[in-house]
Amino acid sequence: MLKDLIKANRSCRGYDRSRRVTKKELTEMVDCARLSAAGINLQVLKYYITNDREEAAKLNELTKLGAMLPELKLPFKGEEPPAYILICQDLDISDKEDHFLMDVGIAAQSITLAATEMGLAACMIGNYSQVKVHEAMGLAPNLRVKLIIAVGKSAETAKIVRVPASGLTAYYRNDKGEHCVPKRSLKDVLITK
């Protein structure tokens, strides 16, 4: 059921490096994004995929994971993401940079759900230097990186928990090392009259 897939689709910040992600798997994830909805069907997004160890190492250095848990310095050494998908906007199709952010979100959700269905995990990353990533990956001038998605087999346990009485929604690690993601209840988000 789709809802079960959505529940299992948690941001992962620690990966089992013994499981390689294939180009075929990354390509299938992108194909799911390609088939998804696009604003005015302009289809401005392009995707750079890599499972190359050297490129992944560069991206590991240029991205930050777990900003709400700085004391943990995530990912832990040896648990870095083994593969990445860079969602880029092709400025030759449209140079309206904020106009297609909805497309980025739709594509990212399609990619991460596809990864989850494959038994993999992913993390959408917005904490990176646009210029440094563009340069490190040797992207064409017309491409603008809008979001980076790390992909691999999860080495951690993540679970959805209730938002505490304090109302704080910040994710945290419990005493078992499980990644806890507070979610508001359905009654708290549903607008009724």
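The table that follows gives values for the structure above.
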item	result
Qualifying residue in segment 62-71 (condition: of a type outside the set (Asp, Glu), in a helix (DSSP H, G or I) and in the same structural domain as Thr112 (by TED's automatic domain parsing))	yes
Hits in segment 30-56 (condition: out of contact with any Pro (no Cβ under 8 Å at 6 or more places or on another chain), surrounded by 14 or more Cβ atoms within 10 Å (Cβ to Cβ), assigned to a helix (DSSP H, G or I) and not charged (D, E, K, R))	Val30, Cys32, Ala33, Gly39
Boolean, Gly152 is within 16 Å of Arg10 (Cα to Cα), at pLDDT below 95 and not aliphatic (A, V, I, L, M)	no
Subset tally (residues that are under 23 Å from Ile106 (Cα atoms), of a type in the set (Phe, Trp, Tyr) and at pLDDT below 95) for segment 49-94	0
Counted residues, segment 86-141 - those being over 14 Å from Leu45 (Cβ atoms) and part of a helix (DSSP H, G or I)	14
Residues located in segment 58-72, provided they are without any contact (Cβ under 8 Å) to a residue 24 or more places away in the chain, exposed (fewer than 13 other Cβ atoms within 10 Å of the Cβ) and within 17 Å of the chain's Cα centre (by Cα)	Glu61
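The values are calculated or read from the model by the stated rules, or taken from the named source; none is laboratory data. Source: prediction; values computed, not measured. Note that each Cβ is placed from the backbone with ideal geometry, even for glycine, and that neighbours are counted across all protein chains shown.
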